[in-house]
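A short reminder: the numbers here are calculations on the coordinates, not readings from a lab. Note that the structure is a prediction, hence the values are computed from the model and not measured. Counting neighbours? That spans all protein chains shown, and the Cβs are built from the backbone with ideal geometry, glycine included.
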Amino acid sequence: MFILASASLSRKKLLKGHRFRVVPSGVREVRRKTLQATCVTNARLKADAVARRFPTEWVLAADTMIAYGGRIYGKPRDRKAAVRLLRSLAGQTHTLGTGVVLQKGSFRIVKFVTSKVTLHDDPPIEKIVARKDPTQYAGGYAIREKNDPLIRRIDGSRSNVIGLPLEFLEPLLRKLEREAPAPAAKPARKAPLKGYILV
């Protein structure tokens, strides 16, 4: 059992089969000089905000953004902004990155995963944006399982583009579930394990 510090429907779907509850962090995202620093910083801020409230529970937080042309983009503010961004990305390859933090108390496991995403040369952007709210997704787009009208190719983790790099997370989550303590009469330790792991 863990806490997902995100209200993302895509992330909840990716974690189907695991036992978790949702506690959105409410944290305002920040920008740093690089994609990695931005995504990891935001994921840590989200994890910290929820872990302070639940110091004896594991918290999973993530932040996804894209980088293209020397700039970093998160969720577009509206449909017009999404259309402008997707037009600039059409026919090009951009980098999508996700920072992931799995935290209990002050102990953290941190990961940053990138995928290369190439869009079709002339996708029906207006129709795509009208069909699905682009303000809910980094870069203004979501992927389809088959016959994607927007995305031509993904190099790297596909689940990362959806919202979480499952290749990295699944082994950790399965381990947490196997090692979950059985109910006991004694209260849990109040002092969390100190530490930090970057993988």
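For the chain, the alpha carbon positions stretch 62, 34, 26 Å along the principal axes, listed from largest to smallest. With a point put 7 Å past each Cα toward its Cβ, work out how far VAL30 is from GLU145 in nm, to one decimal. Taking the two extended label points, one gets 4.0 nm.
At full extension, ARG158 and ARG84 could sit 24.2 nm farther apart than now, given 0.36 nm per residue minus the alpha carbon distance. Rounded to the nearest 20 debye, the dipole magnitude of the range 2-198 is 560 debye, with +1 charges on Lys and Arg beta carbons, -1 on Asp and Glu beta carbons, and the Cα centre as origin. Which value in deg cm²/dmol, rounded to the nearest 500, describes the helix-derived mean residue ellipticity at 222 nm for the chain, given -39,500 (n - 2.57) per DSSP H run of n ≥ 4 and division by the residue count? Roughly -9000 deg cm²/dmol at 222 nm, from the helical runs in the chain. In this rough spin-label picture, where each label sits 7 Å from Cα along the Cβ direction, the PHE20-GLN92 distance is 3.2 nm. Simple spin-label estimate for THR56 and LYS13 gives 3.6 nm between the two label positions (7 Å along the Cα-to-Cβ direction from each Cα). Each of LEU15, LEU176 was scored by other Cβ atoms within 10 Å of its Cβ. Listed from fewest to most, they are LEU176, LEU15. When ARG31, ARG178 are sorted by how many other C-beta atoms sit within 10 angstrom of their C-beta, beginning with the fewest, the order is ARG178, ARG31. Among rounded, prolate and oblate, which fits the range 90-134 when a ≥ b ≥ c are the square roots of the eigenvalues of its C-alpha gyration tensor, a/c under 1.5 means rounded, and a/b larger than b/c means prolate? It is oblate, given that a/c is not under 1.5 and a/b is not larger than b/c.
Applying 1/(1 + (r/R0)^6) with R0 = 45 Å to the Cβ-Cβ distance of GLU167 and ARG71 gives a FRET efficiency near 0.95.
Against the longest alpha carbon principal axis of the chain, how many degrees, from 0 to 90 and to the nearest 10, is the axis of helix 79-89 turned? It is inclined by approximately 80 degrees. Peptides 81-90, 61-70, ordered by how many other C-beta atoms sit within 10 Å of their residues on average, highest first, read 61-70, 81-90. The residues SER106, SER6, when put in order of fewest to most other Cβ atoms within 10 Å, stand as SER106, SER6. Once you list every other residue whose beta carbon is under 13 Å from the beta carbon of VAL40, what net charge do they have if Lys and Arg are +1 and Asp and Glu are -1? So the surrounding residues net to +4.
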